[in-house]
Amino acid sequence: MPSIKQMFENNRNWSERVRKETPGYLESISYDQRPEILWIGCSDSRVGPDQLIGLPMGSVFVHRNVANIFATNDLNCLAVLEYAVDELKVPNIVVCGHYGCGGVKAALEHSGVQPVDLWLDQVRFVYNRYTKELNMLSPVERANRLAELNVESQVHNICRNTIVREAWKRGQKVNVIGVIYDIHDGLLRQLGTEYSSQEVWETSYGEAFSG
Ligand code: CO
């Protein structure tokens, strides 16, 4: 298992390798960042975006928390979204959930302790909305389906937010999509629609919650 000593050693090796193999690279990205993706993912140690999507440094602006929640009353989430959209003009927002999510399981089992249990109320809101569908499934399927529904719900929280709505209104390019990651095969799969405007979002959201 990695230790702190190992961490520093790996870092020195990495820095040396990068500077040797691509001279000037670190210097070239030191002035500015122009990320193409705002990634909102789970804190789970197996789902770090740097490895999953293999994009170079400077491409992904990252926010991670337990169960990849975008809570509309959480200052941290709001600050990240505002900075990404208003300052960095990041054109793509990706909410990434994953199967086998401990946060989602804990939300179903009420097994956590404060404050994580309180945080996971955000996932229970989603569960409460889809109780009928979810209760027909086995416990493993239920947690996995809830992980998918949680992603879609967080996507809607983002699209509903004034930061994104104002950006769409002024014609700024902002695409919001939800994806789910399968730890078993390492693949990402898109969930639902890609929302690229207020109209697209309203139509889809209306359909999803009318029936
Ligand atoms: Co998780």
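Taken over the stretch 189-201, residues that are surrounded by 15 or more Cβ atoms within 10 Å (Cβ to Cβ) and more than 24 Å from residue 87 (Cβ to Cβ) amount to 4. Restricting attention to the stretch 42-94, the residues being part of a loop (DSSP other than H, G, I, E, B), more than 16 Å from the ligand (Cβ to nearest atom) and open to solvent by less than 10 Å² (accessible area, probe 1.4 Å) number 1.
The values are calculated or read from the model by the stated rules, or taken from the named source; none is laboratory data. From a predicted model like this one, the values you see are computed outputs, not experimental measurements. In this analysis, Cβ positions are derived from the backbone assuming ideal geometry, glycine residues included, and neighbour counts consider all displayed protein chains. Quick note on the areas: whole protein, heavy atoms, side chains included, nothing else; ligands and nucleic acids left out. Shrake-Rupley method; radii C 1.70, N 1.55, O 1.52, S 1.80 Å.
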